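Below: the structure, in C-alpha coordinates.
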Amino acid sequence: MLRGHPWVYANEVRELLAPEWDGRAVECRDAQGRILGSGIYNGRSQIVWRGFSTGKEDFGREYLSQALERACRRREGRKVGRLVWSESDGIPGLIVDRYGPVLVAQFLTLAVDRQGEMVLDWLQEALQPVCILLRNDAPSREKEGLAREVRVGRGVLPEAFWLELGGLEFYYEADSGQKTGLYLDQCEQHGRVARFAEGRDVLDVFCNQGGFALHCAKAGARTVTGIDSSAEAIGRAQKNAERNGLSIHWICENAFDFMKRQKPESRDLIILDPPPFAKARDRVQEAMKGYKELNLRAILQLRPGGVLATYSCSHAIGYERYREMLADAAADAGRRLRLLEICHQSADHPVWLNMPESEYLRGYVLEVL
Ligand code: SAH
(Lines give C-alpha, C1' and ligand atoms only; values in the text may rest on other atoms or scores of the structure.)
Protein backbone atom coordinates (compact mmCIF):
# COMPACT_ATOMS: atom_id res chain seq x y z
CA MET A 1 0.00 0.00 0.00
CA LEU A 2 1.14 3.53 -0.79
CA ARG A 3 2.45 5.37 2.27
CA GLY A 4 -0.10 7.83 3.54
CA HIS A 5 -3.00 6.03 1.86
CA PRO A 6 -6.09 6.58 3.97
CA TRP A 7 -7.56 3.05 3.92
CA VAL A 8 -6.89 -0.03 6.02
CA TYR A 9 -8.44 -3.35 5.00
CA ALA A 10 -9.83 -5.99 7.36
CA ASN A 11 -7.04 -8.44 6.49
CA GLU A 12 -4.38 -5.88 7.42
CA VAL A 13 -5.30 -5.43 11.07
CA ARG A 14 -4.17 -7.60 13.94
CA GLU A 15 -7.65 -7.77 15.43
CA LEU A 16 -11.04 -6.27 14.70
CA LEU A 17 -12.76 -4.10 17.28
CA ALA A 18 -16.05 -4.84 19.02
CA PRO A 19 -19.16 -3.94 16.96
CA GLU A 20 -19.91 -0.94 19.17
CA TRP A 21 -16.99 0.82 17.46
CA ASP A 22 -18.65 0.56 14.05
CA GLY A 23 -19.30 4.03 12.66
CA ARG A 24 -17.04 5.79 15.17
CA ALA A 25 -13.66 7.50 15.00
CA VAL A 26 -10.68 5.49 16.17
CA GLU A 27 -6.92 5.98 16.06
CA CYS A 28 -4.86 3.56 14.01
CA ARG A 29 -1.24 2.52 14.53
CA ASP A 30 1.08 0.70 12.18
CA ALA A 31 3.01 -2.47 13.12
CA GLN A 32 5.79 -0.34 14.63
CA GLY A 33 3.27 1.43 16.82
CA ARG A 34 3.42 4.73 14.94
CA ILE A 35 0.13 6.62 14.88
CA LEU A 36 -1.35 6.89 11.38
CA GLY A 37 -4.06 9.27 12.50
CA SER A 38 -7.80 9.25 13.17
CA GLY A 39 -10.22 7.43 10.94
CA ILE A 40 -13.74 6.10 10.84
CA TYR A 41 -14.08 2.45 11.70
CA ASN A 42 -16.54 -0.13 10.40
CA GLY A 43 -15.87 -3.81 11.09
CA ARG A 44 -18.68 -4.77 8.69
CA SER A 45 -16.86 -3.28 5.73
CA GLN A 46 -13.84 -4.69 3.93
CA ILE A 47 -12.26 -1.28 4.38
CA VAL A 48 -12.34 -1.19 8.16
CA TRP A 49 -10.63 2.14 8.64
CA ARG A 50 -10.75 5.31 6.55
CA GLY A 51 -8.42 8.02 7.76
CA PHE A 52 -9.67 11.59 7.83
CA SER A 53 -7.02 13.30 9.93
CA THR A 54 -3.37 12.76 10.79
CA GLY A 55 -4.04 14.11 14.27
CA LYS A 56 -6.30 12.98 17.09
CA GLU A 57 -9.78 13.97 16.08
CA ASP A 58 -13.36 13.02 16.76
CA PHE A 59 -15.75 12.58 13.83
CA GLY A 60 -18.31 14.90 15.40
CA ARG A 61 -19.92 18.29 14.96
CA GLU A 62 -16.76 20.31 15.42
CA TYR A 63 -14.64 18.44 12.93
CA LEU A 64 -17.42 17.98 10.38
CA SER A 65 -18.57 21.57 10.35
CA GLN A 66 -14.99 22.73 9.81
CA ALA A 67 -14.45 20.23 7.00
CA LEU A 68 -17.77 21.16 5.36
CA GLU A 69 -16.94 24.83 5.60
CA ARG A 70 -13.53 24.29 3.96
CA ALA A 71 -15.03 22.17 1.18
CA CYS A 72 -17.71 24.75 0.37
CA ARG A 73 -15.29 27.65 0.52
CA ARG A 74 -13.07 25.91 -2.05
CA ARG A 75 -15.99 25.93 -4.53
CA GLU A 76 -17.43 29.30 -3.60
CA GLY A 77 -19.54 31.00 -6.25
CA ARG A 78 -20.38 27.86 -8.20
CA LYS A 79 -24.07 27.18 -8.67
CA VAL A 80 -23.70 23.73 -10.18
CA GLY A 81 -20.99 21.27 -9.21
CA ARG A 82 -19.61 19.00 -6.55
CA LEU A 83 -19.40 20.64 -3.13
CA VAL A 84 -18.02 17.80 -1.03
CA TRP A 85 -16.09 14.82 -2.30
CA SER A 86 -15.43 12.19 0.31
CA GLU A 87 -11.78 11.53 1.26
CA SER A 88 -10.54 14.41 -0.89
CA ASP A 89 -12.46 16.79 1.36
CA GLY A 90 -11.65 14.97 4.60
CA ILE A 91 -15.10 13.37 5.02
CA PRO A 92 -14.84 9.74 3.84
CA GLY A 93 -18.20 8.67 2.45
CA LEU A 94 -19.89 12.04 2.02
CA ILE A 95 -20.75 13.39 -1.40
CA VAL A 96 -22.71 16.58 -1.87
CA ASP A 97 -23.58 17.95 -5.28
CA ARG A 98 -25.20 21.29 -5.95
CA TYR A 99 -27.73 21.71 -8.72
CA GLY A 100 -28.76 25.35 -8.37
CA PRO A 101 -31.40 25.47 -5.61
CA VAL A 102 -31.20 21.72 -4.88
CA LEU A 103 -28.49 19.80 -3.04
CA VAL A 104 -28.12 16.07 -3.61
CA ALA A 105 -26.21 14.18 -0.92
CA GLN A 106 -24.94 10.63 -0.63
CA PHE A 107 -24.03 9.04 2.71
CA LEU A 108 -21.77 6.16 1.75
CA THR A 109 -20.20 5.15 5.06
CA LEU A 110 -21.78 4.16 8.35
CA ALA A 111 -20.02 7.00 10.19
CA VAL A 112 -21.38 9.62 7.79
CA ASP A 113 -24.82 8.05 7.90
CA ARG A 114 -24.78 8.29 11.70
CA GLN A 115 -23.89 11.96 11.51
CA GLY A 116 -26.44 12.50 8.74
CA GLU A 117 -28.78 14.83 10.61
CA MET A 118 -25.91 17.04 11.69
CA VAL A 119 -24.61 17.22 8.10
CA LEU A 120 -28.08 18.10 6.81
CA ASP A 121 -28.49 20.81 9.45
CA TRP A 122 -25.17 22.36 8.53
CA LEU A 123 -25.87 22.33 4.79
CA GLN A 124 -29.37 23.74 5.28
CA GLU A 125 -28.19 26.58 7.44
CA ALA A 126 -25.10 27.48 5.43
CA LEU A 127 -26.50 27.17 1.91
CA GLN A 128 -30.27 27.50 2.31
CA PRO A 129 -31.25 25.12 -0.50
CA VAL A 130 -34.95 24.56 -1.27
CA CYS A 131 -34.32 20.85 -0.88
CA ILE A 132 -31.64 18.37 0.13
CA LEU A 133 -32.29 15.05 -1.51
CA LEU A 134 -30.56 11.93 -0.20
CA ARG A 135 -29.62 9.67 -3.07
CA ASN A 136 -28.62 6.83 -0.78
CA ASP A 137 -29.22 4.22 -3.45
CA ALA A 138 -25.54 3.47 -4.24
CA PRO A 139 -24.76 -0.29 -4.06
CA SER A 140 -21.64 0.50 -1.97
CA ARG A 141 -23.92 1.27 1.00
CA GLU A 142 -24.59 -2.42 1.37
CA LYS A 143 -20.90 -3.07 1.96
CA GLU A 144 -21.18 -0.79 4.97
CA GLY A 145 -24.24 -2.62 6.27
CA LEU A 146 -26.58 0.21 5.24
CA ALA A 147 -29.96 0.01 3.50
CA ARG A 148 -30.47 1.65 0.09
CA GLU A 149 -33.04 4.42 -0.17
CA VAL A 150 -33.84 7.73 -1.80
CA ARG A 151 -35.55 10.31 0.40
CA VAL A 152 -35.90 14.01 0.99
CA GLY A 153 -33.61 15.06 3.83
CA ARG A 154 -34.68 18.71 4.12
CA GLY A 155 -37.19 20.98 2.39
CA VAL A 156 -39.49 20.02 -0.46
CA LEU A 157 -38.39 18.39 -3.66
CA PRO A 158 -39.23 20.66 -6.60
CA GLU A 159 -40.65 19.39 -9.87
CA ALA A 160 -38.16 18.93 -12.68
CA PHE A 161 -36.62 22.27 -13.66
CA TRP A 162 -34.17 23.83 -16.14
CA LEU A 163 -30.67 24.13 -14.84
CA GLU A 164 -28.27 26.63 -16.37
CA LEU A 165 -24.83 25.24 -16.92
CA GLY A 166 -22.11 26.56 -19.21
CA GLY A 167 -24.53 28.79 -21.12
CA LEU A 168 -26.98 25.96 -21.85
CA GLU A 169 -30.11 24.75 -20.14
CA PHE A 170 -30.35 21.17 -18.89
CA TYR A 171 -33.49 19.34 -17.84
CA TYR A 172 -32.98 18.40 -14.23
CA GLU A 173 -34.95 15.99 -12.11
CA ALA A 174 -33.16 15.25 -8.83
CA ASP A 175 -34.61 11.86 -8.04
CA SER A 176 -33.83 10.15 -11.33
CA GLY A 177 -30.96 10.01 -13.83
CA GLN A 178 -27.56 8.40 -13.31
CA LYS A 179 -25.27 9.33 -10.41
CA THR A 180 -26.76 12.43 -8.76
CA GLY A 181 -28.25 13.60 -12.05
CA LEU A 182 -25.47 14.82 -14.30
CA TYR A 183 -21.85 13.84 -14.88
CA LEU A 184 -20.42 16.84 -13.09
CA ASP A 185 -16.89 15.48 -13.43
CA GLN A 186 -16.95 16.13 -17.19
CA CYS A 187 -18.51 19.59 -17.17
CA GLU A 188 -15.21 21.42 -17.72
CA GLN A 189 -14.46 19.24 -20.73
CA HIS A 190 -17.73 19.95 -22.55
CA GLY A 191 -16.79 23.53 -23.36
CA ARG A 192 -13.13 22.74 -23.98
CA VAL A 193 -13.85 20.07 -26.56
CA ALA A 194 -16.47 22.26 -28.24
CA ARG A 195 -13.62 24.60 -29.29
CA PHE A 196 -12.83 22.02 -31.99
CA ALA A 197 -16.40 21.70 -33.25
CA GLU A 198 -17.09 24.65 -35.53
CA GLY A 199 -18.02 23.58 -39.06
CA ARG A 200 -17.34 19.94 -38.26
CA ASP A 201 -19.23 16.65 -38.25
CA VAL A 202 -19.31 15.59 -34.62
CA LEU A 203 -20.06 12.25 -32.96
CA ASP A 204 -20.62 12.12 -29.17
CA VAL A 205 -20.39 8.47 -28.10
CA PHE A 206 -21.74 7.65 -24.59
CA CYS A 207 -23.42 11.05 -24.65
CA ASN A 208 -25.68 10.60 -21.60
CA GLN A 209 -27.80 13.80 -21.55
CA GLY A 210 -25.75 15.38 -24.29
CA GLY A 211 -23.19 17.55 -22.50
CA PHE A 212 -20.58 17.35 -25.26
CA ALA A 213 -23.07 17.20 -28.15
CA LEU A 214 -25.00 20.27 -27.01
CA HIS A 215 -21.88 22.36 -26.52
CA CYS A 216 -20.56 21.30 -29.94
CA ALA A 217 -23.85 22.19 -31.65
CA LYS A 218 -23.85 25.56 -29.92
CA ALA A 219 -20.26 26.14 -31.05
CA GLY A 220 -21.39 25.82 -34.68
CA ALA A 221 -20.78 22.19 -35.63
CA ARG A 222 -22.03 21.22 -39.10
CA THR A 223 -23.77 18.07 -37.83
CA VAL A 224 -23.91 16.49 -34.39
CA THR A 225 -24.86 12.93 -33.51
CA GLY A 226 -25.15 11.68 -29.92
CA ILE A 227 -25.42 8.05 -28.94
CA ASP A 228 -26.11 6.31 -25.63
CA SER A 229 -27.67 2.99 -24.65
CA SER A 230 -29.88 4.52 -21.94
CA ALA A 231 -33.33 5.48 -23.22
CA GLU A 232 -33.82 7.77 -20.22
CA ALA A 233 -30.59 9.65 -20.97
CA ILE A 234 -31.45 10.00 -24.66
CA GLY A 235 -34.94 11.25 -23.76
CA ARG A 236 -33.40 14.01 -21.71
CA ALA A 237 -30.80 14.81 -24.33
CA GLN A 238 -33.66 15.31 -26.79
CA LYS A 239 -35.47 17.66 -24.40
CA ASN A 240 -32.24 19.61 -23.85
CA ALA A 241 -31.60 20.07 -27.56
CA GLU A 242 -35.15 21.30 -28.16
CA ARG A 243 -35.05 23.70 -25.23
CA ASN A 244 -31.77 25.20 -26.45
CA GLY A 245 -32.90 25.37 -30.06
CA LEU A 246 -30.15 23.02 -31.27
CA SER A 247 -30.43 20.37 -33.94
CA ILE A 248 -28.82 17.06 -32.95
CA HIS A 249 -29.39 13.53 -34.14
CA TRP A 250 -29.85 11.23 -31.10
CA ILE A 251 -29.47 7.46 -31.22
CA CYS A 252 -30.29 4.98 -28.46
CA GLU A 253 -28.06 1.96 -29.04
CA ASN A 254 -25.13 -0.04 -27.73
CA ALA A 255 -22.04 1.96 -28.67
CA PHE A 256 -20.01 -1.10 -29.70
CA ASP A 257 -22.67 -2.15 -32.23
CA PHE A 258 -23.07 1.39 -33.49
CA MET A 259 -19.33 1.95 -33.97
CA LYS A 260 -19.00 -1.23 -36.02
CA ARG A 261 -21.40 0.10 -38.65
CA GLN A 262 -19.88 3.54 -39.24
CA LYS A 263 -18.09 4.47 -42.46
CA PRO A 264 -14.37 5.22 -42.45
CA GLU A 265 -13.34 8.87 -42.57
CA SER A 266 -16.90 10.14 -42.06
CA ARG A 267 -16.45 12.52 -39.06
CA ASP A 268 -14.19 15.33 -37.90
CA LEU A 269 -14.62 15.19 -34.12
CA ILE A 270 -15.39 12.10 -32.07
CA ILE A 271 -15.87 12.04 -28.31
CA LEU A 272 -15.56 8.71 -26.49
CA ASP A 273 -16.65 8.91 -22.85
CA PRO A 274 -17.56 5.37 -21.76
CA PRO A 275 -18.50 4.13 -18.28
CA PRO A 276 -15.64 2.57 -16.25
CA PHE A 277 -14.71 -0.69 -17.97
CA ALA A 278 -12.32 -1.67 -15.16
CA LYS A 279 -13.79 -1.03 -11.75
CA ALA A 280 -11.08 -3.18 -10.16
CA ARG A 281 -7.46 -3.95 -10.92
CA ASP A 282 -8.14 -7.53 -11.99
CA ARG A 283 -10.40 -6.27 -14.79
CA VAL A 284 -7.82 -4.04 -16.42
CA GLN A 285 -6.74 -6.39 -19.18
CA GLU A 286 -10.27 -7.07 -20.32
CA ALA A 287 -11.09 -3.38 -20.08
CA MET A 288 -8.14 -2.47 -22.31
CA LYS A 289 -9.60 -4.60 -25.09
CA GLY A 290 -12.85 -2.62 -24.93
CA TYR A 291 -11.03 0.70 -24.91
CA LYS A 292 -8.86 -0.35 -27.80
CA GLU A 293 -11.76 -1.52 -29.93
CA LEU A 294 -13.63 1.74 -29.46
CA ASN A 295 -10.61 3.93 -30.04
CA LEU A 296 -9.46 2.01 -33.08
CA ARG A 297 -12.88 2.35 -34.67
CA ALA A 298 -13.03 6.04 -33.82
CA ILE A 299 -9.58 6.69 -35.32
CA LEU A 300 -10.64 4.99 -38.57
CA GLN A 301 -13.84 7.02 -38.71
CA LEU A 302 -12.04 10.34 -38.47
CA ARG A 303 -11.03 12.28 -41.54
CA PRO A 304 -7.37 13.35 -41.67
CA GLY A 305 -7.02 16.38 -39.40
CA GLY A 306 -9.96 15.21 -37.28
CA VAL A 307 -9.99 15.32 -33.50
CA LEU A 308 -10.48 12.48 -31.03
CA ALA A 309 -11.41 13.32 -27.42
CA THR A 310 -11.12 10.05 -25.53
CA TYR A 311 -11.65 9.42 -21.81
CA SER A 312 -11.39 6.69 -19.22
CA CYS A 313 -12.92 6.81 -15.75
CA SER A 314 -11.32 3.53 -14.62
CA HIS A 315 -9.03 4.68 -11.81
CA ALA A 316 -6.90 1.54 -12.16
CA ILE A 317 -5.85 2.58 -15.66
CA GLY A 318 -3.24 5.31 -15.56
CA TYR A 319 -2.25 7.83 -18.20
CA GLU A 320 0.68 5.73 -19.43
CA ARG A 321 -1.33 2.59 -19.98
CA TYR A 322 -4.10 4.44 -21.79
CA ARG A 323 -1.58 6.23 -23.94
CA GLU A 324 0.13 2.97 -24.95
CA MET A 325 -3.27 1.57 -25.95
CA LEU A 326 -3.92 4.66 -28.09
CA ALA A 327 -0.52 4.40 -29.78
CA ASP A 328 -1.21 0.74 -30.44
CA ALA A 329 -4.64 1.50 -31.93
CA ALA A 330 -3.11 4.22 -34.12
CA ALA A 331 -0.48 1.78 -35.41
CA ASP A 332 -3.19 -0.80 -36.23
CA ALA A 333 -5.19 1.86 -38.06
CA GLY A 334 -2.14 3.05 -39.98
CA ARG A 335 -2.74 6.60 -38.72
CA ARG A 336 -0.76 9.01 -36.57
CA LEU A 337 -2.02 10.73 -33.43
CA ARG A 338 -0.76 14.13 -32.39
CA LEU A 339 -1.35 15.12 -28.79
CA LEU A 340 -3.35 18.30 -28.36
CA GLU A 341 -4.40 18.16 -24.71
CA ILE A 342 -4.21 15.95 -21.64
CA CYS A 343 -7.42 16.09 -19.63
CA HIS A 344 -8.61 15.45 -16.17
CA GLN A 345 -11.73 15.34 -13.99
CA SER A 346 -13.22 18.74 -13.13
CA ALA A 347 -11.43 20.68 -10.38
CA ASP A 348 -14.35 20.26 -7.97
CA HIS A 349 -13.31 16.57 -7.75
CA PRO A 350 -9.85 17.23 -6.28
CA VAL A 351 -7.21 14.53 -6.41
CA TRP A 352 -5.50 13.51 -3.20
CA LEU A 353 -2.01 12.37 -4.14
CA ASN A 354 -1.78 9.67 -1.48
CA MET A 355 -4.99 8.12 -2.69
CA PRO A 356 -4.66 7.03 -6.33
CA GLU A 357 -8.36 6.08 -6.44
CA SER A 358 -9.22 9.77 -6.22
CA GLU A 359 -7.66 10.34 -9.63
CA TYR A 360 -9.97 8.39 -11.87
CA LEU A 361 -10.99 10.40 -14.90
CA ARG A 362 -8.35 10.88 -17.54
CA GLY A 363 -8.45 11.80 -21.15
CA TYR A 364 -6.56 12.77 -24.25
CA VAL A 365 -7.52 15.14 -27.02
CA LEU A 366 -5.68 14.10 -30.17
CA GLU A 367 -5.42 15.18 -33.75
CA VAL A 368 -5.71 12.22 -36.07
CA LEU A 369 -3.48 12.58 -39.13
N1 SAH B 1 -20.46 11.96 -21.80
C2 SAH B 1 -21.39 12.06 -20.70
C3 SAH B 1 -21.15 11.07 -19.59
C4 SAH B 1 -21.09 9.64 -20.05
S5 SAH B 1 -21.25 8.50 -18.76
C6 SAH B 1 -21.32 13.48 -20.15
O7 SAH B 1 -20.35 14.18 -20.42
O8 SAH B 1 -22.24 13.87 -19.45
C9 SAH B 1 -21.34 7.01 -19.61
C10 SAH B 1 -22.59 6.80 -20.42
O11 SAH B 1 -22.45 5.58 -21.13
C12 SAH B 1 -23.89 6.66 -19.62
O13 SAH B 1 -24.78 7.63 -20.08
C14 SAH B 1 -24.43 5.27 -19.97
O15 SAH B 1 -25.83 5.24 -20.16
C16 SAH B 1 -23.72 4.98 -21.26
N17 SAH B 1 -23.47 3.56 -21.62
C18 SAH B 1 -23.06 2.57 -20.80
N19 SAH B 1 -22.82 1.44 -21.53
C20 SAH B 1 -23.09 1.75 -22.83
C21 SAH B 1 -23.02 1.03 -24.06
N22 SAH B 1 -22.61 -0.23 -24.10
N23 SAH B 1 -23.36 1.67 -25.20
C24 SAH B 1 -23.75 2.97 -25.18
N25 SAH B 1 -23.84 3.68 -24.05
C26 SAH B 1 -23.51 3.10 -22.89
Filtering region 288-318 down to residues that are modelled with pLDDT under 95 and of a type in the set (Ser, Thr, Tyr) yields Ser314
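Here is a yes/no grid of residues against (1) more than 12 Å from the ligand (Cβ to nearest atom); (2) assigned to a helix (DSSP H, G or I); (3) of a type in the set (A, V, I, L, M); (4) more than 24 Å from Gly81 (Cβ to Cβ):
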residue	(1), (2), (3), (4)
Phe196	yes, no, no, no
Ala217	yes, yes, yes, no
Ala233	no, yes, yes, no
Glu242	yes, yes, no, yes
Quick one: Val102 ticks every box in (1) free of Cβ contacts under 8 Å to residues at least 60 places away in the same chain; (2) over 20 Å from His5 (Cα atoms); (3) surrounded by 20 or more Cβ atoms within 10 Å (Cβ to Cβ); (4) out of contact with any Gly (no Cβ under 8 Å at 6 or more places or on another chain) except a single one, so which number is it?
(1)
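Could you tell me whether Arg338 is of a type outside the set (Asp, Glu), over 30 Å from Val80 (Cβ atoms) and touching a strand residue (DSSP E or B) at 6+ places or on another chain (Cβ under 7 Å)? Before you say what the answer is, go through the steps one by one.
Values: of a type outside the set (Asp, Glu): yes; over 30 Å from Val80 (Cβ atoms): yes; touching a strand residue (DSSP E or B) at 6+ places or on another chain (Cβ under 7 Å): yes.
Yes.
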Given the conditions (1) more than 11 Å from the ligand (Cβ to nearest atom); (2) touching an Asp or Glu at 6+ places or on another chain (Cβ under 6 Å), and given that Gly226 satisfies all but one, which numbered condition is not satisfied?
(1)
Output the number of the condition that Ala316 fails; it satisfies all remaining conditions of (1) more than 20 Å from His5 (Cα to Cα); (2) surrounded by fewer than 20 Cβ atoms within 10 Å (Cβ to Cβ).
(1)
I need the full set of residues from region 353-369 which are closer than 14 Å to Arg336 by Cβ and touching a helix residue (DSSP H, G or I) at 6+ places or on another chain (Cβ under 6 Å), in order please.
Val368
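Applying the selection to region 297-313, what residues are closer than 29 Å to Pro350 by Cβ and either buried (at least 22 other Cβ atoms within 10 Å of the Cβ) or not assigned by TED's automatic domain parsing to the domain that holds Ala333 (or both)?
If we filter region 297-313 for residues that are closer than 29 Å to Pro350 by Cβ, which is where we start, we get 307-313.
Once the filter is applied, which keeps residues that are closer than 29 Å to Pro350 by Cβ and either buried (at least 22 other Cβ atoms within 10 Å of the Cβ) or not assigned by TED's automatic domain parsing to the domain that holds Ala333 (or both), region 297-313 yields Val307, Leu308, Ala309, Thr310, Tyr311, Ser312.
Within region 122-167, how many residues turn out to be of a type in the set (Asp, Glu) and in contact (Cβ under 8 Å) with a residue 24 or more places away in the chain? Walk me through it before giving the result.
Pass one, region 122-167, residues of a type in the set (Asp, Glu): 125, 137, 142, 144, 149, 159, 164.
Still in the list and also in contact (Cβ under 8 Å) with a residue 24 or more places away in the chain: 144, 164.
Result for region 122-167: 2.
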Filter result (in a helix (DSSP H, G or I) and among the aliphatic types (A, V, I, L, M)) within region 166-194
Leu184, Val193, Ala194
If only one of Ile227, Ile248 is of a type in the set (A, V, I, L, M, F, W, C), in the same structural domain as Arg297 (by TED's automatic domain parsing), in contact (Cβ under 8 Å) with a residue 24 or more places away in the chain and over 30 Å from Gly334 (Cβ atoms), which one is it?
Ile248
Does Ser140 satisfy being over 26 Å from Gly77 (Cβ atoms), within 16 Å of the ligand (Cβ to nearest atom) and surrounded by fewer than 20 Cβ atoms within 10 Å (Cβ to Cβ)?
no
Suppose we filter region 198-212 for residues that are over 16 Å from Ala237 (Cβ atoms) and either within 12 Å of the ligand (Cβ to nearest atom) or not assigned by TED's automatic domain parsing to the domain that holds Glu232 (or both); how many remain?
0
Of the conditions (1) more than 12 Å from the ligand (Cβ to nearest atom); (2) more than 26 Å from Leu103 (Cα to Cα); (3) surrounded by fewer than 23 Cβ atoms within 10 Å (Cβ to Cβ), Glu159 satisfies every one except a single condition; which number is it?
(2)
Leu108, sole failed condition from (1) closer than 30 Å to Ala241 by Cα; (2) touching a strand residue (DSSP E or B) at 6+ places or on another chain (Cβ under 8 Å)
(1)
Cβ pairs under 8 Å, 6+ apart or interchain, first in region 268-296 and assigned by TED's automatic domain parsing to the domain that holds Asp257, second surrounded by fewer than 21 Cβ atoms within 10 Å (Cβ to Cβ) and acidic (Asp, Glu), ordered by first then second residue, are Asp268/Asp201; Leu269/Asp201; Phe277/Glu286; Ala278/Glu286; Lys292/Asp328; Leu296/Asp332
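Take the residues in region 11-65 that are outside any strand (DSSP E or B) and of a type in the set (Val, Ile, Thr), then tell me which one is nearest to the chain's Cα centre (by Cα).
If we filter region 11-65 for residues that are outside any strand (DSSP E or B), which is where we start, we get 11-23, 30-34, 42-46, 54-65.
Retained after the next criterion (residues that are of a type in the set (Val, Ile, Thr)): 13, 54.
On the way: Val13: 31, Thr54: 27 Å.
Only one residue tops the list, namely Thr54.
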Counting only residues in region 250-275 that are within 12 Å of the ligand (Cβ to nearest atom), out of contact with any helix residue (DSSP H, G or I) (no Cβ under 8 Å at 6 or more places or on another chain) and within 24 Å of Cys343 (Cβ to Cβ), the one modelled with the lowest pLDDT is identified as Pro275
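The values are calculated or read from the model by the stated rules, or taken from the named source; none is laboratory data. Treat the numbers as computed from the prediction; the structure is a model and nothing was measured. Note that we place each Cβ from the backbone using ideal geometry, even for glycine, and neighbour counts take in every protein chain shown.
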